[in-house]
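Laboratory data are not the source of any read-out in this text; all were calculated from the coordinates shown. Not measured: the values here are computed from a predicted model. Reconstructed Cβ throughout: ideal geometry from the backbone, glycine too, with neighbour counts over all protein chains shown.
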Amino acid sequence: MDEVYNADECFISAATIILLPVIKADGKAINGGKIGPFTTKLRELYKEILKAQAKMI
C-alpha cells in the first residue's frame, strides 16, 4: 500500500464506471486529497470518446 499512499494520483477504472478518482486510502490522503490533473484529463477524454460512440449508434 505504500505505493498507493505515495502516488501522485490514483484512480479505479472498470466497465461499469468511467474513471473513479481515489483521493483517500485507509483514511490517508493521496495527492493532498485532490483529484490530479492526469486523472481529470483522462476522464474528460474518455467521456468525449463515449459521446462520439453514442452518436454513431
Checklist line | Label-point gap, in nm, between Ile23 and Glu44 - each point 7 angstrom along Cα→Cβ | finding: 1.8 nm
Note to self: About the Cα centre, and with charges only on the beta carbon of Lys, Arg (+1) and Asp, Glu (-1), how big is the dipole of the chain? Nearest 20 debye, please.
What the structure shows: 380 debye
Check: What ³J(HN,Hα) values, in whole Hz, does the Karplus curve 6.51 cos²θ - 1.76 cosθ + 1.60 give for segment 16-32 when θ = phi - 60°, with x put for Gly and Pro?
Finding: 8, 10, 5, 7, 9, x, 10, 10, 8, 9, 6, x, 9, 5, 10, 6, x
Next item on the list: Report, in deg cm²/dmol and to the nearest 500, the calculated mean residue ellipticity at 222 nm for the chain, where each DSSP H run with n ≥ 4 adds -39500 (n - 2.57) and the sum is divided by the residue count.
Entry: -13000 deg cm²/dmol
Check: What are the lysines whose alpha-carbon lies under 17 Å from the alpha-carbon of Lys24, with same-chain residues fewer than 8 places away excluded?
Finding: Lys34
Notebook entry, point to check: Taking one equal scatterer on every alpha-carbon of segment 2-56, how large is log10 of I(q)/I(0) by Debye at q = 0.14, 0.15, 0.20 1/Å?
Noted result: -0.42, -0.47, -0.72
Next item on the list: Mind listing the long-range amide H neighbours of Ala25? Cut-off is under 5 Å, sequence gap 5 or more, other chains count too, H placed in the peptide plane at 1.01 Å from N.
Entry: Ile30
